[in-house]
Amino acid sequence: GLGKILQVVQGVNSVSTATTSGTFSDFYSQAITPTAASSTILVLGRTCCGATAGGDDMKYTLRVQRDIESAGYSTIATSPYSIGYSYGASFGNHTQVTDQSICFLDSPSYTLTDVLTYKYQIACDSGGTATYNDGGTQSSLTLIEVAV
């Protein structure tokens with residue numbers, strides 16, 4: 001029936017790293033192969049991100065992209081975050097780390113054997129460095145196939 005959960009795929013990534021300003025960097029992906037035609041995919045994610053710089057207003061952008069059967073990625077959700085000035089955190093002298101989550105209902109157009117791959121990306125503005133999985137945290141990405 002409509003709204004029935006057909007499958008759940010979840011994974012986590014605990015690798016901590018950083019990316020320099022202006023360039024989006026991949027940091028986690030998860031794939032699902034739908035079991036029914038015309039299903040929607042509920043994308044649930046959580047990550048701990050931060051930005052480092054010496055200025056008063058550091059910004060980073062977190063986004064989720066989707067690929068259908070290796071045809072190329074397209075952005076399905078984007079969230080810019082502005083974080084204030086902070087002292088004494090783990091990456092240099094001026095890092096603010098925040099917990100971010102995403103909840104997005106995706107309605108992709110696919111054929112039944114297609115693999116759908118979703119990935120997180122992060123970029124930092126203003127000449128700084130964006131980080132993820134700070135302080136031993138993990139990123140998670142859960143894909144839930146919902147019958148339509």
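The values are calculated or read from the model by the stated rules, or taken from the named source; none is laboratory data. All of these numbers come straight from a predicted model, not from anything done at the bench. Neighbour counts run over all protein chains shown; Cβ positions are idealised from the backbone, glycine included. Just the protein is used for accessible areas: all its heavy atoms, side chains included, with ligands, DNA and RNA removed. Shrake-Rupley method; radii C 1.70, N 1.55, O 1.52, S 1.80 Å.
Results, tabulated for the structure shown:
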item: Candidate set: the stretch 1-41, residues that are assigned to a loop (DSSP other than H, G, I, E, B), open to solvent by less than 80 Å² (accessible area, probe 1.4 Å) and among the hydrophobic types (A, V, I, L, M, F, W, C); chosen: the one modelled with the lowest pLDDT; result: PHE24
item: Some residue of the stretch 47-55 being touching a Ser or Thr at 6+ places or on another chain (Cβ under 7 Å), surrounded by 17 or more Cβ atoms within 10 Å (Cβ to Cβ) and at pLDDT 80 or above; result: yes
item: Filter result (exposed (fewer than 14 other Cβ atoms within 10 Å of the Cβ), assigned to a loop (DSSP other than H, G, I, E, B) and at pLDDT 85 or above) within the stretch 79-126; result: SER107, SER109, THR111, LEU112, THR113, VAL115
item: Top-ranked residue in the stretch 56-78 [being part of a strand (DSSP E or B) and at pLDDT below 85; ranked as surrounded by the most Cβ atoms within 10 Å (Cβ to Cβ)]; result: TYR60
